[in-house]
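Quick notes on the structure that follows.
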Amino acid sequence: MTTSPASSAGTRRADPRPTTADRVRQVVVTVSEILGLAGPLIGAGIIGTQVEESSGGSLSADSTLLAPAGTAFSIWSVIYLGLLAYTVWQWLPSRTTDRRARATGWLAAASMLLNAGWLLVTQQGWIWTSVGVIVALVLILGLLVDRLTRVPGRRGLLDLVLVDGTFGLYLGWVSVATAANVAAALVASGVSQEGRGAEWIGVVVVLVLAVVVAAIQRRVGGRWAVAAAAAWGLSWIAIGRATDEPRSMIVAWGAAAAAILVVLATAYFRRRAAGPGAAGQPRSRRSARTAASP
């Protein structure tokens with residue numbers, strides 16, 4: 001028995017019927033998004049205390065050498081909007097059984113709940129607990145973006161912006177926020193940030209952060225969304241230390257250098273992923289995958 005090209009192509013285009021697991025995943029993502037909407041409400045002080053005023057002010061823009069200036073946190077508006085759009089996207093009939101929706105849905109829900117959990121524990125002043133939560137969040141996001149790289153799916157503009165773009169920004173920003181959170185917990189616990197020694201430790205931390213982000217980029221082929229958010233956060237650390245207390249031009253220059261390193265590493269890994277001979281893939285396939293990853 002033979003199959004005509006037309007019928008074969010039609011079979012490839014047809015999506016399987018949604019399963020019960022698909023529907024449960026969609027509902028869990030939606031409920032997690034609704035719970036996660038508390039984030040912008042808490043951040044704005046509509047519910048509870050504003051983030052910068054919680055935990056005794058340990059998370060404010062002038063609390064530590066690694067605290068980004070206040071404007072940096074406006075990136076959350078873009079991330080929250082992207083998460084809302086992703087929630088709607090995964091309900092589209094054409095995306096219900098999409099391989100990438102299936103691969104990322106549960107991780108996306110976990111990230112929303114962890115973000116909401118982080119806000120709740122900071123409201124209680126549990127600064128070290130917040131460190132544990134944000135570390136778990138960055139690990140979940142790293143796994144999610146890695147799956148986006150390895151699981152094929154539709155490569156239209158909608159998917160690139162709503163899925164790759166949203167979670168790339170989310171991962172890049174939370175990577176920087178994790179370092180700032182750890183610094184806040186240390187200072188809140190009595191660790192001094194006075195003197196040149198503390199400043200140079202701050203420089204080492206931002207440079208190590210740049211190396212960690214570069215390692216992530218090596219794994220996921222270099223994503224501009226990750227680089228943009230990480231460089232954004234590092235740049236605002238630099239601005240904060242140059243213009244606000246605790247003032248430190250040493251840390252400011254170190255953070256600026258780290259932001260540049262992130263961008264350069266991303267460009268390098270994108271170029272390497274698209275170059276001949278990488279991972280034993282034909283150039284055309286590698287180039288398409290890299291170009292489709294924002």
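The values are calculated or read from the model by the stated rules, or taken from the named source; none is laboratory data. Quantities reported herein were computed from a predicted structural model and do not represent experimental measurements. For neighbour counting, all protein chains shown are included, and Cβ atoms are generated from backbone atoms with ideal geometry for every residue, glycine included. The accessibility values were calculated without ligands, DNA or RNA, using every heavy atom of the protein model including side chains. Shrake-Rupley method; radii C 1.70, N 1.55, O 1.52, S 1.80 Å.
Worth a mention:
- Filtered residue count, region 69-119, keeping only those that are closer than 19 Å to Leu139 by Cβ and of a type in the set (A, V, I, L, M): 12
- Scan of region 230-275 for residues that are among the polar types (S, T, N, Q) and open to solvent by less than 50 Å² (accessible area, probe 1.4 Å), ordered by number: Ser235, Ser248, Thr266
- Any hit, region 169-191, residues being open to solvent by 10 Å² or more (accessible area, probe 1.4 Å), farther than 24 Å from Leu119 by Cβ and in contact with a helix residue (DSSP H, G or I) (Cβ under 8 Å, 6 or more places away or on another chain): no
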